[in-house]
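The values are calculated or read from the model by the stated rules, or taken from the named source; none is laboratory data. Predicted, not measured: the structure shown is a model, and the values here were computed from it. Please note: Cβ atoms are built from the backbone with ideal geometry, for glycine as well, and neighbour counts cover all protein chains shown. When the accessible area is computed, the model is the full protein with side chains, heavy atoms only, and any ligands, DNA or RNA have been set aside. Shrake-Rupley method; radii C 1.70, N 1.55, O 1.52, S 1.80 Å.
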Amino acid sequence: MATFNLFNYLEPPNAYYDFEKIYTAEQWARKQRWIVDYLNEYAPDVVGFQEVFSIESLQALMAQQGYAYFAVVDMPEVVDDFIFKRPVVAIASKFEIVDVAAVKHSNALASDLGLCSDFTFSRKVLRATISLPHVGNTDCYVVHFKSKRPLLEPDENTKSLAITDNELSPEKSIIEAFKANVAGSWGSTIQRGSEATLLMIEMITRREATQQPMVLMGDFNNDLADGVLSHLLTNTLRSAPALDVKAYLAKYCLNDAWQLFKTLKMSQLTAHNTQQNAGSHTNAQQSNGSAALQQSINEATSQINNTAPLFMRSPTHYYGPSSSVLDYILLSCEFDPSYDDSFYEVSDYHTYDRHLINPEYERDDLTTDHAVVSITLTLRS
């Protein structure tokens, strides 16, 4: 599975956001070719997309690559017949998509949270029920949560720094812009966190009704560990007994695919190194089995620590000198080997970021500003 922000995927002669932003035929061909090259190299079976303007073009491209199933639940906004705004999410699959819906949040809950009565997701959330091998119908959600771009903009008359009798002074203009930025950034945070909360409630409700496995993928526009989105990984209750939580709550929780992958690899490495180190002890050392075992564990732990960089998560987005992980794949317990009834384990996790950290102009100038995140799910042995 992969989550893929396509970054202004719009076929010419249409324009994205303003009339000058139009790909040439050659540029569009290069962008298409780059996408195909990724699909050929990594061959994900299910791909969740963000920033899709040209729906029919993407569907045709994916069909050519063997993805027989494709779905969207919204349309981009079109201004003046050729300027596109508000891109949508999409999903393509080699396995059958048996149902598609746009997630609808609870208006009553939104009101209880203090949100406006007309609150909506900044981009409609797509839910595709896909018939995956061995686990059957699985609800796959594709999201593109609200960006960090401020919700509010300063008034038009504060955008110019020119001084006239009818305009603000330069200092006042800056102050007004600063206030709008502070308030607007918090507004975006409220929107993004509210989207995640309302979606999570709907996912839990759906899970309770269907008992189907869950996958949540997309551009979260936020670090998952940040308090704004950390509730997506909530797995504890303050008042419930620990035994009840483990027995009942686990199947309604989501797990970060990266953490599942890291835990699996650390466990495998520990077992391998412990076995190797234990076998290397002399007969004299083996006469004190407990001490020898402890030494083996200590040596294995030391080797794991030495390979720690291998378990460092790569950023998926760069902005100036800073970097962050914005793109995620979250999974229900069917994909967590620590859960007794799970089917799969995350055997590989890959962040495709060559175009971000080591770009070549001819190959990467029309790609995307995000890394592509993919995971491999393998049946438990």
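Here Leu115 passes the criteria (1) more than 30 Å from Ala29 (Cβ to Cβ); (2) free of Cβ contacts under 8 Å to residues at least 60 places away in the same chain; (3) open to solvent by less than 70 Å² (accessible area, probe 1.4 Å); (4) of a type outside the set (Gly, Ala, Ser) except the one numbered (2).
Select from region 37-51 the residues that are touching a residue at least 40 places away in the same chain (Cβ under 8 Å) and acidic (Asp, Glu) and write down the one among them that is most open to solvent (accessible area, probe 1.4 Å). Spell out the reasoning first.
From region 37-51, those touching a residue at least 40 places away in the same chain (Cβ under 8 Å) are 38, 42, 44-51; that's our starting set.
If we keep only those that are acidic (Asp, Glu) as well, we get 45, 51.
Numbers: Asp45: 66, Glu51: 25 Å².
Across region 37-51, the extreme among qualifying residues is Asp45.
Name the single residue, out of those in region 339-381 being open to solvent by less than 20 Å² (accessible area, probe 1.4 Å) and either part of a loop (DSSP other than H, G, I, E, B) or of a type in the set (D, E, K, R) (or both), that is farthest from Tyr319 (Cα to Cα). The qualifying residue farthest from Tyr319 (Cα to Cα) is Ser342. Filtering region 194-246 to residues that are surrounded by fewer than 22 Cβ atoms within 10 Å (Cβ to Cβ), over 13 Å from the mean Cα position of the chain (by Cα) and charged (D, E, K, R) leaves Glu202, Arg206, Arg207, Glu208, Asp226, Arg238, Asp244, Lys246.
Considering only residues that are assigned to a helix (DSSP H, G or I) and without any contact (Cβ under 8 Å) to a residue 24 or more places away in the chain, look in region 191-242 and name the one that is nearest to Asn8 (Cα to Cα).
Of all residues in region 191-242, those assigned to a helix (DSSP H, G or I) come to 191-210, 230-233, 242.
Adding the requirement that they be without any contact (Cβ under 8 Å) to a residue 24 or more places away in the chain leaves 205, 209, 230, 242.
Details: Thr205: 33, Ala209: 37, Ser230: 28, Ala242: 47 Å.
The qualifying residue nearest to Asn8 (Cα to Cα) is Ser230.
Selection within region 75-100: residues that are open to solvent by less than 80 Å² (accessible area, probe 1.4 Å) and under 19 Å from the mean Cα position of the chain (by Cα). The member of this set that is nearest to Ala15 (Cα to Cα) is Pro87. Looking across region 323-338, just one residue is under 22 Å from Gln50 (Cβ atoms) and open to solvent by 60 Å² or more (accessible area, probe 1.4 Å), and that is Ser323.
Would you confirm, using the coordinates I've provided, whether Trp34 is open to solvent by less than 50 Å² (accessible area, probe 1.4 Å) and more than 30 Å from Thr138 (Cα to Cα)? Answer is no for this residue.
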